[in-house]
Amino acid sequence: MQVCLFLEATAGAESPLDACALMHAASDIAGLAQLIVHEPVSHQHGADTARDPATPSCMLQWYFDDLDALERALAPSGSVDRALRRAAFATLDESTFSQQVMAVRKLSPPEAMPMNGCEQRCTYMVAYEGPADDFDAWLTHYLRHHPPLMLQLPALRELEIYTRMDYCSGLPFARTNPMQRNKVVFDDARALADALASPVRDAMRRDFHALPPYSGATPHYPMRSIYGKFAGP
């Protein structure tokens, strides 16, 4: 199972780094399988995809095939830190990003389409901050009932579900701890808006209200996603 480092930048500001420069700077990180840079969508295609003022100015996903490789890259002044500083527009400090490492569950939609090289898509990022009254019951219900509905979204290209894990990191950023995240990915913002307007979304809402009790916010962010692929050892 892959692991993913989430770095989430402050909302309401400009992106703190150059996405293309980051892709170049990260190209030699040992073990890095994929890097995705998410930025807020620039156009609105419906009420559900309108930009929320709380949307991060950028969100980074760093995929590694195992936790050992990721933790080596996260060492103080390590390869992730160096790549970020090479691509940053200004000095990075503890408030620039928040960080979290999560386990990745990948599901294959009927209309899945692999990425070829550096491309762009539109992603709907979701986080369940929690906590749940009974996390095991909550996650069991979610994994059993919600993904089968999500997989029915029209023109869905990717579906991933993330659960939190403990990790060592030398990055200077504050840690966040949502109990779970997920993302659905489409070719563009119009396809995302069409999917959110489909009858499948109504079924997802009904299941959402059937989840075991939990608290905390559930932010949803539509993002423009820039992909880079790396052949890490």
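The values are calculated or read from the model by the stated rules, or taken from the named source; none is laboratory data. Only a predicted model underlies this, so the values are computations on that prediction, with no experimental measurement involved. Don't worry about glycine lacking a Cβ; one is built from the backbone with ideal geometry, like all the others, and counts go over all protein chains shown.
Brief remarks on what is shown
- Which listed residue, of Asp166, Asp194, is touching a strand residue (DSSP E or B) at 6+ places or on another chain (Cβ under 9 Å), at pLDDT 95 or above, over 15 Å from Pro222 (Cβ atoms) and acidic (Asp, Glu): Asp166
- Of all the listed residues (Ser79, Ser98), the sole one being of a type in the set (S, T, N, Q), more than 20 Å from the chain's Cα centre (by Cα), at pLDDT 95 or above and surrounded by 13 or more Cβ atoms within 10 Å (Cβ to Cβ) is Ser79.
- Scanning segment 180-223 for residues that are in contact with a Cys (Cβ under 6 Å, 6 or more places away or on another chain) and surrounded by 19 or more Cβ atoms within 10 Å (Cβ to Cβ), we see that the one that is nearest to Ser57 (Cα to Cα) is Ala189.
- Arg105 being of a type outside the set (Phe, Trp, Tyr) and closer than 29 Å to Ala13 by Cα: no
- Filtered by the rule that a residue be under 21 Å from Thr91 (Cβ atoms), part of a loop (DSSP other than H, G, I, E, B) and touching a helix residue (DSSP H, G or I) at 6+ places or on another chain (Cβ under 7 Å), segment 1-37 gives Asp18, Ala26.
- From Tyr124, Tyr162, residue being closer than 22 Å to Cys58 by Cα and in contact with a His (Cβ under 8 Å, 6 or more places away or on another chain): Tyr124
- Within the option set Leu153, Leu143, being closer than 21 Å to Arg201 by Cα, part of a loop (DSSP other than H, G, I, E, B), of a type outside the set (Val, Ile, Thr) and touching a Lys or Arg at 6+ places or on another chain (Cβ under 9 Å) holds for one residue only, Leu153.
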